[in-house]
Amino acid sequence: MHFDRRQLLVGAGLVLASAYAPRVFAQDRTAPFSLDPLPYQPNALEPHIDARTMELHHGRHHRSYVDNLNSALKDHGDLAKKPLHEILANLDSVPENIRRTVRNNGGGHANHTMFWQVMGPQGGKPSDELRQAIDRDLGGMEKMQERVNSAGQGQFGSGWVFVTVDKDGKLDVTTRPNQDTPLMDGQRVLFGNDVWEHAYYLQYQNRRADYLKAWWNVVDWNRVGERYKMAREGKLTI
Ligand code: MN3
């Protein structure tokens, strides 16, 4: 049987489209928040991220952010009616006695919800639209990776490195300490990497640079592309 290149690409596209049926994003939920299951097996990202790290990171660390956030909000019915991105963008209006808890754990919930979504065992390639934005705003794939790696490496202590996207689709690279997120400044996160030691220490020990480099192997560009499209449509929240 003979296939030309175009037929092969169309065929591959169909397979990918079915494998990547839109996932329900935890976008606009309100409290009590819940921990969604990992969208793949804990060992799916090996050899780049080991299963034990994934189990602990998702099942213990992320779960504790969700539990702590819910318990902080449980006597604040007004806040509990707001979606997470709105709470995070208006931390000044969160009562002072729970503000730090909401900042740390609400940020942690938003950051990790994004994090699991943008990784996967089948990385794919950025969509044409996203690729053009990466070329235009970040100097291409290679330069973007260098910039993200170097920002992630330069984040002292715990934190995150993010690629943000604005409503015009413009991309930028930024970092935040702890569980802070650009959502707290009303921005949107296209994707990002967790540089807390809990994200890599079992496998990489203190070699954060090796983890940052290896992480690109598990970025799911199909998912990132979906998020880019949602951002352009004003539908991306967390
Ligand atoms: Mn983490």
Quotient of Cα radius of gyration and Kirkwood radius for the range 46-238, i.e. Rg/Rh, equals 0.96
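Report, to the nearest whole %, how much of the accessible area of the chain belongs to carbon and sulfur atoms, 1.4 Å probe, protein only. The partial results should precede the final answer.
Numbers: 6020 of 12120 Å².
C and S fraction of accessible area: 50 percent.
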With r as the distance between the Cβ atoms of Asp168 and Asn90 and R0 = 25 Å, compute the FRET efficiency 1/(1 + (r/R0)^6) and round to 0.05. 0.60
Can you give the three extents of the C-alpha atoms in the range 115-172 along their principal axes, from longest to shortest, in whole Å? 35, 26, 23
By how many degrees, 0 to 90 and rounded to 10, does the Cα axis of helix 5-19 deviate from the longest principal axis of the chain? 30
As a test of the formula, what do you get for the chain when each DSSP H run with n ≥ 4 contributes -39,500 (n - 2.57) and the sum is divided by the residue count, at 222 nm and rounded to the nearest 500 deg cm²/dmol? -14000 deg cm²/dmol
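Please give the charge dipole size of the range 46-238, origin at the Cα centre, charges +1 on K and R Cβ atoms and -1 on D and E Cβ atoms. Round to the nearest 20 debye.
On the way: 26 positive and 26 negative charges, 20 e Å.
Here the range 46-238 has a charge dipole of around 100 debye.
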Can you give the accessible area of Ser127, probe radius 1.4 Å, in Å² rounded to 10? 50
Before I look further, what does the chain give for accessible area per residue, probe 1.4 Å, in whole square angstrom? 51
Pick out which of Leu190, Leu79, Leu69 has the largest mean-square fluctuation in a Gaussian network model of the chain, springs linking Cα atoms closer than 10 Å. Leu79
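The values are calculated or read from the model by the stated rules, or taken from the named source; none is laboratory data. Only a predicted model underlies this, so the values are computations on that prediction, with no experimental measurement involved. Positions of Cβ are backbone-derived with ideal geometry, glycine not excepted, and every protein chain shown enters the neighbour counts. Note: areas computed on protein heavy atoms with side chains; ligands, DNA, RNA excluded. Shrake-Rupley method; radii C 1.70, N 1.55, O 1.52, S 1.80 Å.
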